[in-house]
Amino acid sequence: MTKRVGKQTLYLPSCPAVAGYAAVVGKKEGEGPLGSRFDYIAEDSYFGEKSWEKAESHMLKQCFSLACDKAKIPASELDYILAGDLLNQCVSSSFAMRDSNLPYLGLYGACSTMAESLSLGAILLDGGFASAVCALTGSHFCSAERQYRFPLEYGGQRTPSSQWTVTGAGALVLSGKGKIRVTHVTHGRIVDAGIKDPNNMGSAMAPAAFDTLRAHFRDTGRSPDDYDAIVTGDLGALGHDILEALFKADQVDLGPCYMDCGVLIYDLTTQEVNAGGSGCGCSASVLCGHILKGMEDGVWNRVLFAATGALMSPTSSQQGESIPGICHAVVLEREA
């Protein structure tokens, strides 16, 4: 029996389940609208470490441990860890997991990494190659600023279209038991809209989100009305509006069920984050701290989670390259 539905979508008959999940964030994120939804809020951006990069690793390790505890599955019983972050060579996630003594798959999809790790973990379970895996993703504002833009001491000014890298991590453990299940995944194609401004990620990523979501609707025969929530991340306010406009031009209304993690995580009117949140940890912490809890509480029964990423590097931007975008989508359904 083929598990492929259309060109880009896979149906997972075993419907791997979310056994446990956790979200760890920084102080700024804890002060936002979703503060009460996170498992742990750090008051110190260093997380007790001596550098921001070490802090990011500490945050990921803490989030991983919390997710395993909540899943009631010892870390030693996991078959795989699938993890990634924004730093060069994904050092924060690999350093966080270097003492785990578990098979480790390091991933890079920029801000789409949470959906990438979740989708690949679900495929491993559905294929019978694993019985329990952990998908883990995070980012840190300070380490990302040092790598991608300017040191914080520089005090550079931000454009209205810029986004604030979330200090946060999300982890979820997939196994055979749980009320929330992964039923479909739609892997996206690289879409390059020709945007070269690294301070305008929303415009660079929105076309990729449009391409993947349109492929999902085409492959499955579904429409936005078939979902209680369609959640992108992390387009921010500007990218959110661009995606809506692209679908309207295609005569499709995403409707009130559409929301974006970059808009949800901060109060855009009071927290001075310009167009909203971004970074690997944005969609990861919103998924594992807000969306999954909402599904457990019965707020949403079927969610289309579509994380987006800007596939750039500091070097490519300095050389004047455009910013390719990517988006991967995962369908999460709650059992009645």
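Just so you know, all these numbers are worked out from the coordinates, no wet-lab data involved. Just so you know, these numbers come straight off a predicted model, no measurement behind them. Positions of Cβ are backbone-derived with ideal geometry, glycine not excepted, and every protein chain shown enters the neighbour counts.
Brief remarks on what is shown
- For the range 180-334: relative contact order, % (alpha-carbon pairs under 8 angstrom, 6 or more apart): 40
- Sites matching GluC sites (Glu not before Pro) across the range 244-322 that sit in DSSP coil, with at most 15 neighbouring C-beta atoms within 10 Å: GLU272, GLU321
- Lys, Arg +1 and Asp, Glu -1 on Cβ, resulting dipole of the range 195-336 about Cα centre, debye, nearest 20: 260
- Sorted by Cβ density within 10 Å, fewest first, the residues THR269, THR137, THR9, THR186: THR269, THR9, THR186, THR137
- 222 nm mean residue ellipticity, helices alone, for the chain (DSSP H n ≥ 4; -39,500 (n - 2.57); rounded to 500): -9500 deg cm²/dmol
- Spin-label model, GLU296/GLN251: points 7 Å from Cα along the beta carbon direction are separated by 4.3 nm.
- Check: the range 4-175 dipole with +1 on Lys, Arg Cβ and -1 on Asp, Glu Cβ, in debye: 340
- Just checking the listed ones, GLN319, GLN147, GLN163: in the Gaussian network model of the chain with Cα springs under 10 Å, the one fluctuating most is GLN319.
- Normalised contact order of the chain, rounded percent, pairs of Cα under 8 Å and 6 or more residues apart: 25
- Cα centroid separation - the range 268-336 against the range 85-126, whole Å: 16
- Summarised as an ellipsoid, the chain has semi-axes of 27, 25, 18 Å, derived from the eigenvalues of the Cα gyration tensor scaled by 5 and square-rooted, with the largest first.
- Sorted fewest first by neighbouring Cβ atoms within 10 angstrom, ILE323, ILE190 come out as ILE190, ILE323.
- Highest average packing first - 91-101, 41-51, Cβ atoms within 10 Å: 91-101, 41-51
- Directionally averaged shadow of the range 29-154, computed from the convex hull of its alpha-carbon atoms, nm²: 8.5
- Lysines with Cα under 24 Å of LYS70, excluding same-chain neighbours fewer than 8 positions away: LYS27, LYS61, LYS177, LYS179, LYS293
- Interchain or long-range residues, amide H under 5 Å from GLY20's placed H: VAL173
- Per-pair calculated FRET efficiency, R0 = 22 Å: ARG218 and ASP192 via Cβ, rounded to 0.05: 0.55
- The aspartates and glutamates whose alpha-carbon is closer than 16 Å to the alpha-carbon of LYS28, local same-chain residues fewer than 8 away aside, are ASP39, GLU43, ASP44, GLU56, GLU145, ASP267, GLU272.
- Approximating the spin labels as points 7 Å out from Cα along Cα→Cβ, the SER100-to-ASP79 distance works out to 1.5 nm.
- For the range 104-110, Karplus couplings with θ = phi - 60° (6.51, -1.76, 1.60), whole Hz, Gly/Pro x: 10, 10, x, 10, 9, x, 6
- Nonlocal amide H pairs with SER162, under 5 Å, H built at 1.01 Å: ALA275
- Of all DSSP beta bridges in the chain, antiparallel share, percent nearest 5: 65
- Extending 7 Å from the Cα toward the beta-carbon at both THR269 and LYS7 defines two label points whose distance is 4.2 nm.
- Among residues other than ARG334 with Cβ under 12 Å from its Cβ, the summed charge is -1 (Lys and Arg +1, Asp and Glu -1).
- For a modelled paramagnetic label at SER316, 7 Å from Cα along Cα-to-Cβ, the residues of the range 211-234 in reach, with backbone nitrogen under 18 Å, are 211-212, 234.
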